[in-house]
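The numbers here are math on the coordinates, done by the rules we state, and not lab data. None of these values were measured; they are calculated from a predicted model. Cβ coordinates were reconstructed from backbone atoms using ideal geometry, including for glycine residues, and neighbour counts include every protein chain displayed.
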Amino acid sequence: MVRTVVSLKSMTKLLKKRNQGFLVELRVTRSENEDAIITKKIEKLLSDYPEVGEQTLGLPPHRSRDHAITLQLGAQPPNIRPYRYPHSQKLEIKHLVKEMLAAGIIKASSSPYSSPVLLIKKKDGSWRICVDY
């Protein structure tokens, strides 16, 4: 069996010259049995290493040193205009923030410093909140 790659230009040239042509495409397919074997292997791996797929929610544990940024006396945060969002995204941001507050992922703050957020659509259609530092 010979594998030949044909460019669009040469294919068009051949079709004009001969007024006919053939296009053959071969695809490798999997059997249902193969998929079942792979699924069983994945299930075994997941059961052998349950901590790998574990999703932890909340803040990380306290460390021996907590992070802090020392500010200069009298320093004012930069005054940056907030991003403009469509109404639907504003509602989604509020919803995601409420969820993260309830899960303990974020906590309320009275700091004059903040960072804007962006919503990025995931493949499944849901939103991912991204902080623009």
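Points worth noting:
- Partner lysines whose Cα lies under 27 Å from the Cα of Lys107, excluding those fewer than 8 positions away in the same chain, are identified as Lys90, Lys94, Lys98, Lys121, Lys122.
- Expected 222 nm ellipticity per residue - DSSP helices of 4 or more, -39500 (n - 2.57), all of the chain, to 500: -11000 deg cm²/dmol
- For Ile105, the amide hydrogen comes within under 5 Å of the amide hydrogens of Gly58, counting only partners 5 or more places away or on other chains and with H modelled in the peptide plane.
- For segment 5-15, the Karplus equation 6.51 cos²θ - 1.76 cosθ + 1.60, evaluated at θ = phi - 60°, returns couplings of 9, 10, 7, 4, 4, 5, 5, 4, 4, 5, 5 Hz by residue, with Gly and Pro reported as x.
- Scanning residues 5 or more positions from Trp127 or on other chains, those with amide H under 5 Å from its amide H are Lys122, with H placed 1.01 Å from N in the peptide plane.
- Counting Lys and Arg as +1 and Asp and Glu as -1 over every other residue whose Cβ lies under 13 Å from the Cβ of Ile129, the net charge comes to +3.
- Applying the Karplus relation 6.51 cos²θ - 1.76 cosθ + 1.60 with θ = phi - 60° to segment 91-105 yields 3J(HN,Hα) values of 5, 5, 4, 4, 4, 5, 5, 4, 4, 5, 5, 5, 7, x, 6 Hz, where x marks Gly and Pro.
- Sequence ranges 54-63, 92-101, ranked by mean other-Cβ count within 10 angstrom, highest first: 92-101, 54-63
- Rounded D (µm²/s) - the chain, Kirkwood Rh over Cα pairs, Stokes-Einstein at 20 °C, 1.002 mPa s: 95
- The chain: most fluctuating residue of Lys122, Lys40, Lys16 per GNM, C-alpha cutoff 10 Å: Lys16
- Compactness index (Cα Rg / 2.2 N^0.38 Å), segment 57-102: 1.76
- Long-range amide H partners of Val117 with built H, under 5 Å: Asp132
- Helix 32-48 axis versus longest C-alpha principal axis of the chain: approximately 30°, rounded to the nearest ten.
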